[in-house]
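Each remark here refers to the structure printed beneath this line.
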Amino acid sequence: MRDSDRDELRTACRLLDEAAAATDGETADRLSGFADRVEGWAEGEFDPDHGAMATVLLKLNDIAEAAEADVADTVQEARSSITEYRRTVDGV
């Protein structure tokens, strides 16, 4: 995997951090946790598989559906970045 392929994950991580900072409570905690997970993928600590990415995408969608509009938009943008990266991963 080329390092440039992980730029989408870095973007998603940044967006999730922004979304977490724009909210509070459990939602902020969950978004921070997902940002940490995506950062691990971006920095190559471990390679994500399709199942792990699908799980994160679904959970982020749930958060976006319950969040205020600005946070929801940022989370959806992060989801789009993860989806773009996912297209570069072999399998499924």
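Here, each number is a calculation from the coordinates, and none is a lab measurement. Keep in mind it's a predicted model, so treat the numbers as computed, not measured. As a convention, Cβ positions derive from the backbone with ideal geometry for all residues, glycine included, and neighbour counts pool all protein chains shown.
Mean residue ellipticity, 222 nm, helices only, the chain: the sum of -39500 (n - 2.57) across DSSP H runs of n ≥ 4, divided by residue count and rounded to 500, is -25000 deg cm²/dmol.
Remark: the chain projects, on average over all directions, an area of 5.2 nm² (convex hull of Cα atoms). Toward the positive end of the charge dipole of the chain, with +1 on the Cβ of Lys and Arg and -1 on the Cβ of Asp and Glu, the farthest Cα among ALA35, LEU16, THR88 is that of THR88. Contact order, relative form, for region 1-57: 35 percent (alpha carbon pairs under 8 Å, 6 or more residues apart, mean separation divided by residue count). Angle of helix 69-86 to the longest C-alpha principal axis of the chain, folded into 0 to 90 degrees and rounded to 10: 10°.
Of the residues GLY44, ALA66, ALA78, the one whose Cα sits farthest toward the positive end of the charge dipole of the chain, with +1 on the Cβ of Lys and Arg and -1 on the Cβ of Asp and Glu, is GLY44. Helix 7-21 and the longest principal axis of the C-alpha atoms of the chain enclose an angle of approximately 20°.
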